[in-house]
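Data first, discussion second: the structure below is written as C-alpha cells.
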Ligand SMILES: Cc1ncc(COP(=O)(O)O)c(C=O)c1O
C-alpha cells in the first residue's frame, strides 16, 4: 500500500543526527527554555524572514495566544475561512470572540478576499488567513481590506512552512503567524510543538510571557497566561529538521508538478496555483463528484488517501450552538464532499508516483 503520508525514509536519513541531538539535550540536563529553543527561534525567524519567533506548545495555542495578546475577546468578531481545520476556529472560540465565516475561492481553497468586506462590522478585530494545503492566501487582497478597516491579519501557517507569496515567506505576510510542528506537517517535531512569528516587538514579548504563565520574570505574573512552551528536546529535533526543510519541500514540489502535468481525467479537478505563489504542498488536494467511488478504486489499487476535511466546521457537533445548517456555506460543503488528498511526502518514490498517475488516468 502506498500510504498517504510516511516518515520512514525521512527519519531513517536523520537517524544519526537526531540521535546525537537527543544525547546532547539529555546530557545538558536543561529541558525548558534553553539554548535549543533560543537557537530555533533565531533560525526559524530568519527562515521566514520575520524579526521574531517564539516557540510554543502547538499550533492551536500559537493562534490563541496571538489573539489574546492583541486583546481580542468577548464582544469582538474574527473572520475565518469556512473551510479549515477546526483549530483555527477553536482559537477564536477560546478567547471568547465570535467566529465569522467567509467562504473560500473554489480554485485555490483559500479565503476569498472579495467576500470579506461584507462580513465586517464595527466589532471585527482580525482576519485569520489560513494558508490551507500549503498555498498562501491572496494576501494583497486581505491586507488592503485589513488596512482600510484597521484589522489585524493573523496567518494560520500550520500547513505552509516555507510557502512563498510574491517572494516573501509565510510567517512574514501579516501582523503575526501561528505555526504547527505536529509530526505530519512539512516541518514536524517528534511530538506536539508550535511557534509564533511576527515583526511586532511588543506582540513578541507579550506572547512569550503569556506562554510562560504570563510572566517575563519568574513568579511575577503580568498576564493571565498559560503553559505553552517549546521544550528543548522538540526544539533540538526541529533544529536538525529545519536544515532539511527546503530539500523536503523541493521533493513535494516535484511530485506536485508531476501530478499537475500528468493527471488528465475529466472526472478529477486538480488544484490551481496562483502565479504569485510558491506552495509547499502540505496536501495535494484533488476533487471529484464521485469521491467515495474514487477512494475505493484507489484503495483497491493500493493507494492510500485522506479527506481534509470530511465535515465543515459549521456542521460539526462541537459548533451546533452556532445554529448553522446544511447549505449555509455551500463552497466549504462542496469541498468537504468532493476533496481527496493524494499521497504527498518526501520519500514517495517516482515509481509510486507513476502508479498513482496511471491509476487516476485509467479511472472511468
Ligand atoms: C490549518 C491548521 N491550523 C491549526 C492547526 C493546529 O496545530 P496543532 O495541531 O499543532 O495544534 C493545524 C494542524 O493541526 C492546522 O492544519
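The values are calculated or read from the model by the stated rules, or taken from the named source; none is laboratory data. Keep in mind the model is a prediction, meaning the values are calculated, not measured. Cβ coordinates were reconstructed from backbone atoms using ideal geometry, including for glycine residues, and neighbour counts include every protein chain displayed.
Being part of a loop (DSSP other than H, G, I, E, B) and within 15 Å of the ligand (Cβ to nearest atom), is that true of even one residue in segment 26-33? No: segment 26-33 contains no residue that is part of a loop (DSSP other than H, G, I, E, B) and within 15 Å of the ligand (Cβ to nearest atom). Hey, any hits in segment 3-14 for a residue that's within 16 Å of the ligand (Cβ to nearest atom) and touching a strand residue (DSSP E or B) at 6+ places or on another chain (Cβ under 7 Å)? For segment 3-14, residues within 16 Å of the ligand (Cβ to nearest atom) and touching a strand residue (DSSP E or B) at 6+ places or on another chain (Cβ under 7 Å): present. Residues in segment 187-210 that are farther than 13 Å from residue 53 by Cβ, in contact with a helix residue (DSSP H, G or I) (Cβ under 6 Å, 6 or more places away or on another chain) and in a helix (DSSP H, G or I): 2 in all.
Residues in segment 119-136 that are more than 12 Å from the ligand (Cβ to nearest atom) and either within 19 Å of residue 324 (Cβ to Cβ) or over 14 Å from the mean Cα position of the chain (by Cα) (or both): 119, 120, 121, 122, 123, 124, 125, 126, 127.
The residues in segment 258-308 that are part of a loop (DSSP other than H, G, I, E, B) and more than 24 Å from the chain's Cα centre (by Cα) can be counted, and the count is 10. For beta carbons closer than 6 Å, sequence separation of 6+ or different chains, a first residue in segment 147-174 that is farther than 21 Å from residue 85 by Cα and a second that is within 16 Å of the ligand (Cβ to nearest atom) and part of a loop (DSSP other than H, G, I, E, B), the qualifying pairs are 165/136; 165/173.
Note on segment 194-214: residues that are buried (at least 18 other Cβ atoms within 10 Å of the Cβ) and out of contact with any strand residue (DSSP E or B) (no Cβ under 7 Å at 6 or more places or on another chain) amount to 3. Whether any residue in segment 176-185 is within 13 Å of the ligand (Cβ to nearest atom) and out of contact with any strand residue (DSSP E or B) (no Cβ under 9 Å at 6 or more places or on another chain) is what I want to check. Checked against the condition, which is being within 13 Å of the ligand (Cβ to nearest atom) and out of contact with any strand residue (DSSP E or B) (no Cβ under 9 Å at 6 or more places or on another chain), segment 176-185 yields at least one hit.
For segment 77-118, a residue qualifies if it is touching a strand residue (DSSP E or B) at 6+ places or on another chain (Cβ under 8 Å), more than 16 Å from the ligand (Cβ to nearest atom) and closer than 16 Å to residue 154 by Cβ, and the qualifying residues are 77, 97, 98, 100, 116. Restricting attention to segment 41-60, does a residue exist that is modelled with pLDDT of 95 or more, more than 17 Å from residue 192 (Cα to Cα), assigned to a helix (DSSP H, G or I) and more than 20 Å from the chain's Cα centre (by Cα)? Among the residues of segment 41-60, at least one is modelled with pLDDT of 95 or more, more than 17 Å from residue 192 (Cα to Cα), assigned to a helix (DSSP H, G or I) and more than 20 Å from the chain's Cα centre (by Cα), which makes the answer yes.
Selection over segment 61-72 of residues that are part of a loop (DSSP other than H, G, I, E, B) and either surrounded by 21 or more Cβ atoms within 10 Å (Cβ to Cβ) or touching a residue at least 40 places away in the same chain (Cβ under 8 Å) (or both) gives a count of 2.
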